[in-house]
1. Rolling a 1.4 angstrom probe over the protein chains, ignoring ligands and nucleic acids, what is the accessible area of Asp544 in square angstrom, nearest 10?
2. Once phi is turned into ³J(HN,Hα) by the Karplus curve 6.51 cos²θ - 1.76 cosθ + 1.60 with θ = phi - 60°, what whole-Hz value does each residue of region 46-61 show in order, with x for glycine and proline?
3. Give me, ordered by chain and number, the residues 5 or more places off Asp589 or on other chains with an amide H under 5 Å from its own placed amide H.
4. Please give the FRET efficiency for Asp544 paired with Lys632, using the beta carbon to beta carbon distance and R0 = 35 Å, rounded to the nearest 0.05.
5. With every protein chain kept in the model, how would you rank Asp331, Asp517, Asp492 by accessible area, 1.4 Å probe, largest at the top?
6. According to the square roots a ≥ b ≥ c of the eigenvalues of the Cα gyration tensor, what is the shape class of region 233-299, taking rounded for a/c under 1.5, prolate for a/b larger than b/c otherwise, and oblate for the remainder?
7. Checking the cross-link filter: which aspartates and glutamates have an alpha carbon closer than 15 Å to that of Lys31, excluding same-chain neighbours under 8 positions apart?
8. Straight-line reach from Lys98: which lysines have a Cα under 28 Å away, not including same-chain ones fewer than 8 places off?
Amino acid sequence: MRMKNKSINIFVVEDNEDDIHFIKRALEGEKYHLTIFNDGNEGFQFLCAAEEMPDIVLLDYHLPSMDGLEFLNAVKEKGLVLAVIVLTVDTRVETAVKVMKAGALDFLPKTTGFHDNLPATIEKVNRIFKERIEKNVIKQALRQYVDIVNNMQIGLHVYILSDMNDCNTLKLVDTNPAAEQLLGKVDIDSLGVSVEKVWLNADRKDFSKTLFEVIRSGTPDNFEILLDTESPVHFSIRAFPLPNQHVGVLFEDISRRKFFERTLYRRDAVLEAVNFMARSILRSCEFEQDLHASLQKLGEAIESCRVYILQNTPDGKGVFLPGVGYEWHSDVISPRIRIHDGDSMFYTSGFGRDVYDCLKQGEAFIGDRKTSSPKGKLYMEMQQIQSFIAVPIIVADDWWGFLGFDENRADRIWSKSEIDALQTAAETIAASFQRQWAQDVINASLKEKEVLLQEIHHRVKNNLQIISSLLDLSSLRVNDQRSVVLFGDARDKIHAMALIHAQLYNSERFDEICMSDHIQDIVLYLLSLYGGKKTISPVFEIDDFHLHINQAIPCSLVVNELVSNSFKHAFNDKASGKIWINIKKNKKDLIQIMVRDNGVGISDPNSVFDGDSMGLKLVKNLVERQLMGSIKLSVENGLRFDIEFLLAGDRRADPRNV
């Protein structure tokens, strides 16, 4: 280690006091820092123990215990690197040769006034020594760098540019063994070939221009190229400038890394496609459409030209034949050629029993033209493909068929991670088929129940109409007017309930009623019964909403009773009138019903619900006990009833109150 002081550190080994005096006088000042020993052996021991080496050593040739030549040999043997200037009265050439061979950088005779030349000699030796150190460091680093490059199988080319105005004058001048292994051996006689000839099949056509720009700008550049050979090779390139219009090119085969990067990318893309499949086909209402979209996602993710699902079909002899089920293909290939009934080529003749046994055991099968039998190659020629992979689809522990991926460009290498991802896709497809089949069973069962429920509503409606007709017939045989009225009231209520079942019969849902249509049907029916010769006009203002049947029946009975009561009693002394029916549903699901007429009214409204009218008592009970609401009566140029109740949760009333 060099001493770090800003001044030049000089180690003096001299036994002559006069010479020491002259040296001190020549090197006085802050620029120099002197350390002086009178004995060669003591000086050598000091240097061996020192943590930092001096910049310059002034060494006397004639010393007690260890002379200058012995000192130099000991320094060399110890491995110390020193800038030594030998001082001596011996001016013979052979003495100078001895000390220079022993490692001294300069030889200064002790002639008269020698000390006057010391500063210049020290400056010169100090500069030479530093340059030599730097060159040694660079050489050592370069040697280590080359060793590392060779050990890492990194190719090295050196090119020279003959004309700074023409990038096409770049020629190869040096190479290393690793480069020969990567690109092929370049004979010494072949050195001097152009960049384009060395990188003949590179996909980057501006290679020469890139190297030219590195030389011109003095800035390194990093890029990748692909050699489009029978087995394509990816290279990572680092081009860096060298002196005298040279450029170095380090290149490393990264094909394996690229393969794994691409493999991981495709695996992640497949898993993302599987996630899409799980979100779509496992919850699908349009199964075939979503399944086709999922196959497209899979094909694009795995970079395959054709994706298909084939289902096994028994041939009656215990042999499975593959039949086309679902398929997606890219624009670069035609749809898959259909496998005709009875053609077992794919499972048997084409590839022997291997594919059949693999898939049946739940393992993926990979086929390519290189390793297939002649019939297998013929099959792939028919399908316009170079290779394929088939992944079994296992449904309910049975081999149902397979998920296939075709490649029409080249033989495909399928990694384990890709195969695992494709097996996950096959499992998702199997789950989607199971779900779809279960959904089909549920839908069929629901359809059957809908038909049965529709038939029940139809029969209930018919039975209620029969009861209504029987009441009409019975009323004709009764002479008591009060009984006739009772029969009529009962008939009206039954008809209101029959209308509900009629609407449910014709509705897509069997648990709720459209109240606007239903209330108008009731009122118009009552108008046909009680309107007679009078001009009575119903006025409707009803929101479009639905009520569950548990609330719709008591609500319709209430409206039926209030409107029929107006028809029968409000216009006894009037030839015309109006009946208003308003039904609203606000944002808080509060149902508000208002039934009003402009008839004769009553004298004592407080006695309405306490009188003999069974119909109004029924209304009060229906509102308060079944609808869990409230009813108010007011006299306002006739009678007015205001009813409020909350829409039940899920449109259902509490069954305990029905």
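The values are calculated or read from the model by the stated rules, or taken from the named source; none is laboratory data. Everything numeric here is computed off the predicted structure, so don't read it as measured data. Note that each Cβ is placed from the backbone with ideal geometry, even for glycine, and that neighbours are counted across all protein chains shown. Surface accessibility is based on the protein's heavy atoms, side chains included, excluding ligands, DNA and RNA. Shrake-Rupley method; radii C 1.70, N 1.55, O 1.52, S 1.80 Å.
1. 120 Å²
2. 5, 5, 5, 8, 6, 7, 10, 8, x, 6, 9, 10, 9, 10, 6, 6
3. none
4. 0.90
5. Numbers: Asp331 160, Asp517 80, Asp492 0 Å².
Putting Asp331, Asp517, Asp492 in descending order of accessible area: Asp331, Asp517, Asp492.
6. Because a/c hits 1.5 or more and a/b exceeds b/c, region 233-299 counts as prolate.
7. Of all the aspartates and glutamates, those that pass the test against Lys31 - Cα under 15 Å, at least 8 places apart if same chain - are Asp55, Glu123.
8. Within reach: Lys24, Lys76, Lys78, Lys110, Lys124, Lys130, Lys135, Lys139.
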